[in-house]
Amino acid sequence: MKTLLFLAMSLSAANALAADAMKVAYPDGYRDWRHVKSMELKPGHPLYESFGGLHHIYANPKAVKGYRTGKFQDGSVIVFDLLEARNEGNALTEGKRKVLGVMVRDKKRFTDTGGWGFEGFAAGDPGKPVVGGNAAQACFGCHAPQKESNYLFSNLRD
Ligand code: HEC
């Protein structure tokens, strides 16, 4: 009985460790990184339900190198910052943050998802990760066909 209990405890500890190992950190300071591009998805776009609004993409210095060389080193981080788009007085302006999507390069940790860890933070709140262990379905399924370009859609515009 004791052995079983011990086994169960170490298993759940191992699961917790595994979940920890897959964790993607909130990208502190990303607004100081390099702006890659912006885009607005309007009503009627096929991805409007999930990604409607105005998004900006940012890359940390390692990821900037990756965009330029086509090889992303571990530690490259790319952020997809999705805001509500407001149309007022013939101007498009930024509204509230809807979600902050993050991709982190780590070839050893994220072997099931192309060497990238994925996470989304609801309303950009570091305490509200929404993807967790679900990255393969929630994120990678759509990025996977981009294999030729490191599973990325965007290009850096100089
Ligand atoms: C239905 C398809 C789809 C799903 C699902 C999806 N993405 Fe994306 N993602 C895209 C497209 C398309 C772009 C390119 C947007 C652009 O060019 O401005 C993109 C861009 C990105 C980028 C910028 C790097 C790049 O590939 O250009 C990040 C970071 C990102 N997504 C994270 C995520 C995360 C995290 C999830 C899961 C919560 C996710 N994505 C789910 C389609 C998807």
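Count of the range 133-151 residues, restricted to those that are touching a residue at least 24 places away in the same chain (Cβ under 8 Å) and touching a Leu at 6+ places or on another chain (Cβ under 8 Å), is 1.
Looking at the range 113-148, which of its residues are farther than 15 Å from VAL24 by Cα and within 8 Å of the ligand (Cβ to nearest atom)? Quick ask: steps written out before the conclusion?
Residues of the range 113-148 that are farther than 15 Å from VAL24 by Cα, as a first pass: 123, 137, 141-148.
Across the range 113-148, the qualifying residues are GLY141, CYS142, HIS143, GLN146.
In this structure, is PHE140 in a strand (DSSP E or B) and touching a helix residue (DSSP H, G or I) at 6+ places or on another chain (Cβ under 6 Å)? No; evaluated as a whole, the condition is false for this residue. Criterion applied to PHE80, PHE110 was being within 14 Å of the ligand (Cβ to nearest atom), touching a residue at least 40 places away in the same chain (Cβ under 8 Å) and of a type in the set (Phe, Trp, Tyr), and the one residue passing it is PHE110. Return yes or no: is TYR58 within 12 Å of the ligand (Cβ to nearest atom), among the hydroxyl-bearing types (Ser, Thr, Tyr) and in contact with a helix residue (DSSP H, G or I) (Cβ under 8 Å, 6 or more places away or on another chain)? So TYR58 fits the description; yes.
Against the definition (within 14 Å of the ligand (Cβ to nearest atom) and either touching a helix residue (DSSP H, G or I) at 6+ places or on another chain (Cβ under 8 Å) or among the hydrophobic types (A, V, I, L, M, F, W, C) (or both)), how does GLY53 come out, yes or no? Write out each step before concluding.
Working: within 14 Å of the ligand (Cβ to nearest atom): yes; either touching a helix residue (DSSP H, G or I) at 6+ places or on another chain (Cβ under 8 Å) or among the hydrophobic types (A, V, I, L, M, F, W, C) (or both): no.
Criteria not met by GLY53.
Looking only at residues in the range 113-133 that are part of a helix (DSSP H, G or I) and out of contact with any Phe, Trp or Tyr (no Cβ under 9 Å at 6 or more places or on another chain), the one that is surrounded by the most Cβ atoms within 10 Å (Cβ to Cβ) is GLY132. If you go through the range 32-63 and keep only what is part of a helix (DSSP H, G or I) and more than 16 Å from the chain's Cα centre (by Cα), you end up with ASP32, TYR48, GLU49, PRO61. Taking the listed residues LYS65, LYS98, LYS23, the one that is surrounded by 13 or more Cβ atoms within 10 Å (Cβ to Cβ), modelled with pLDDT under 95 and not hydrophobic (A, V, I, L, M, F, W, C) is LYS23, with no other qualifying.
The values are calculated or read from the model by the stated rules, or taken from the named source; none is laboratory data. If you're wondering where the values come from, they're calculated on a predicted model, not measured in any experiment. Positions of Cβ are backbone-derived with ideal geometry, glycine not excepted, and every protein chain shown enters the neighbour counts.
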